[in-house]
1. Quick check on my filter: what residues within the range 48-60 are surrounded by fewer than 19 Cβ atoms within 10 Å (Cβ to Cβ) and at pLDDT 95 or above?
2. Go through the range 73-124 and count every residue that is within 14 Å of G19 (Cβ to Cβ), of a type in the set (S, T, Y), assigned to a loop (DSSP other than H, G, I, E, B) and touching a residue at least 12 places away in the same chain (Cβ under 8 Å).
3. Mind checking which pairs have a first residue in the range 1-21 that is farther than 14 Å from I90 by Cα and a second that is assigned to a loop (DSSP other than H, G, I, E, B) and of a type in the set (A, V, I, L, M, F, W, C), Cβ under 6 Å, 6 or more apart or different chains?
4. Quickly run through the range 1-35 and pick out the residues that are among the hydroxyl-bearing types (S, T, Y) and either modelled with pLDDT of 95 or more or not in a strand (DSSP E or B) (or both).
5. Go through the range 58-72 and report how many residues are over 14 Å from the mean Cα position of the chain (by Cα) and assigned to a strand (DSSP E or B).
Amino acid sequence: MLRFEYMPSDFHPLFLFIGESSDLAALAKLLRRFAEDPQPIAVAERIPGATSRTDLMLAPADDEFGMRETGGKFIWKLNGWQATQIAERIELLTPVGNKSGSEMLEVGSEGEIPVKVSRGEFTDDFLIDRR
């Protein structure tokens, strides 16, 4: 099950995605679909079994990019090229032989929240029971 949530911090806040190979592959596939036809997408609604207490929208952008918080909700603002590049990096975590790994994803836009995608680095109940 793909789990995601904003992890606040005074110094290094981040948006964390956790999952196994198939979960991360589903996230990468969603990003590739978005790249082909950029339109607002509620991430939790498009990935079966995804769970989060954080509202997250994937949205097309042409000026302000990256993960942003707006009124307690989060918007991952990307253009098609950025979404494809991020999908490629996430796919590097999905091969069966990989037991664990992570990627820090940023597009280099001032004020964006870094995104961490992780496989095998957290227990199955992290972001569900431990908060």
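1. M57, A59, P60
2. 2
3. From residues that are farther than 14 Å from I90 by Cα, the pairs are R3/L127; E5/L127.
4. Scanning the range 1-35 gives S9, S21, S22.
5. Adding up the residues that qualify gives 2.
The values are calculated or read from the model by the stated rules, or taken from the named source; none is laboratory data. Please read all numbers here as calculations on a predicted model, not as lab measurements. Counting neighbours? That spans all protein chains shown, and the Cβs are built from the backbone with ideal geometry, glycine included.
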